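Following: one structure in structure tokens, then a few remarks.
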Amino acid sequence: MDQGINNRKVAIIGCGFVGAASGFSLMESGLFSEMVLIDANKDKAEGEAYDIAHGIPFGRPMKIYAGDYDDVADAAIIIVTAGANQKPDETRLDLVHKNVEIFKSIIPEIAKRNYQGILLIVANPVDILTYTALKLSGLPENRVIGSGTVLDTARLKYALGEHLGVDSRSVHAFVVGEHGDSEIAAFSSANISGIPLDDFCEMRGHYDHSGSTAKIAEEVKNSAYEIISKKGATYYGIARSVNRICEAIIRDEKSILPISTMMHGEFGIENVVLSMPAVVGREGYETKVPIVLDQDEVTRLHESANTLRQVLDEVI
């Protein structure tokens, strides 16, 4: 990263449920010593900053405040959660027109300050908005990433862990493609600590593989809708996902996370942003990790890419 970057500073643009929960999670993590919150509603940003800051005596020293775009220039990571909320019965793609317009006012403000850090897009639909941010910012591709299917993958690991009665951290599986209705749970490459998924299932007394995986994939895909219908929004899971991505960047961990990045011929897909496993560290993402998919999963990945391509053609 550039000399002008403060590796202990993070900025969050958008102080709704996701932005505020992410700020709280990052305060607890101790990753940063400075956090600036920005929102179109300055009072909201100030209120969240005060509220989160009151937890500092139980954590680690940190400066938390509401600011403006001049305050983001030296942040190691800018997290963009700003955008309209997903309503019940509304898909993530329904949000696209509203949120692309919002991004047209946010991203140029960042770009004109010669920003040298990592831009982490979290607002939905995250793949479309990561593409939008990439085009509007002019930043190198490795430094503009989306939270992608990091949360969906966590949901998949959790569901498989519950199904198999095993620690979800021992589950190795990815959700790839769109963060949304066309996402693909890549069961063909899933394993439990190196043991192929089907073999481990049988070890635990489960033999209806296709029925169980279809049910779990559907549960993972619909979990956001279910949470939104019950409590109006999802924010804790994504906040922890944001925290995890920031940790990988700030600590230069070279962790493999399924983030949103531009496709350049992988599986024959070009010029669309999709979530695929990638090595994540201080410079953003280093390289995609080749994941093994079966023919059905590849076909569905193409369908996912085509869905997003059609939306991009409409709005950009």
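None of the figures in this text is laboratory data; all of them are computed from the coordinates on show. These numbers were taken from a predicted model, which means no experiment stands behind them. Neighbour counts run over all protein chains shown; Cβ positions are idealised from the backbone, glycine included.
Here are the numbers for the structure shown:
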| item | result |
| --- | --- |
| Lys/Arg +1, Asp/Glu -1 at C-beta; the stretch 1-134 dipole; positive extreme among A45, S29, N99 | S29 |
| DSSP-defined beta bridges in the stretch 107-232 - what % are antiparallel, rounded to 5 | 65 percent |
| Note, ³J(HN,Hα) from phi for the stretch 264-281, Karplus 6.51, -1.76, 1.60, rounded to Hz, x at Gly and Pro | 10, x, 4, 6, x, 10, 10, 6, 8, 8, 9, 8, 9, x, 9, 7, 10, x |
| Theoretical gain in end-to-end length, V315 to N222 [0.36 nm per residue, Cα-Cα removed] | 30.9 nm |
| Among T132, T234, T213: highest mean-square fluctuation, GNM of the chain, C-alpha pairs under 10 Å | T213 |
| Other-chain or far-sequence residues with amide H under 5 Å of K63's (modelled H) | E34, M35 |
| Positive-end residue of C246, A154, V279, charge dipole of the stretch 150-315 with Cβ unit charges | C246 |
| Loop-located chymotrypsin sites (Phe, Trp or Tyr not before Pro) in the stretch 160-250, at most 16 other Cβ atoms within 10 Å (DSSP) | Y207 |
| Anisotropy class of the stretch 6-146 from Cα gyration tensor, a/c 1.5 cut | oblate |
| Cross-link pairs K87/K221; K63/K98; K42/K63; K254/K288; K9/K112 - those with Cα-Cα distance over 22 Å | K63/K98 |
| Reported label for calculated Rg and Dmax of the Cα atoms in Å given (i) 21.1, 68; (ii) 21.3, 79; (iii) 19.1, 58 | (iii) |
| 222 nm mean residue ellipticity, helices alone, for the chain (DSSP H n ≥ 4; -39,500 (n - 2.57); rounded to 500) | -14000 deg cm²/dmol |
| Antiparallel bridge percentage (DSSP; both residues within the chain; nearest 5) | 50 percent |
| Note, ³J(HN,Hα) from phi for the stretch 71-82, Karplus 6.51, -1.76, 1.60, rounded to Hz, x at Gly and Pro | 7, 8, 4, 9, 6, 5, 9, 10, 9, 9, 10, 5 |
| Distant-in-sequence amide H partners of E253 (H built 1.01 Å from N, under 5 Å) | R282 |
| Residues V311, V126, sorted so that the one with the fewest Cβ neighbours within 10 Å comes first | V311, V126 |
| Size of electric dipole in the chain: Cβ of Lys, Arg +1 and of Asp, Glu -1, about Cα centre, debye, nearest 20 | 760 debye |
| Using θ = phi - 60° and Karplus 6.51 cos²θ - 1.76 cosθ + 1.60, couplings along the stretch 123-132 (whole Hz; Gly, Pro as x) | 4, 9, x, 4, 5, 5, 6, 5, 4, 4 |
| Cβ charges +1 (Lys, Arg) and -1 (Asp, Glu), total dipole of the stretch 150-315, debye | 680 debye |
| Förster radius 30 Å - calculated FRET efficiency between S105 and R251 (Cβ-Cβ, nearest 0.05) | 0.40 |
| Computed magnitude of the charge dipole of the stretch 1-141 (debye, nearest 20; Cβ of K, R +1, Cβ of D, E -1) | 180 debye |
| Simple spin-label estimate for T299 and D167 in nanometres, 7 Å along Cα-Cβ | 3.9 nm |
| Cα centroid of the stretch 126-203 to Cα centroid of the stretch 1-70, whole Å | 27 Å |
| Cβ-based charge dipole, the chain, positive-most Cα from I64, I110, V176 | I64 |
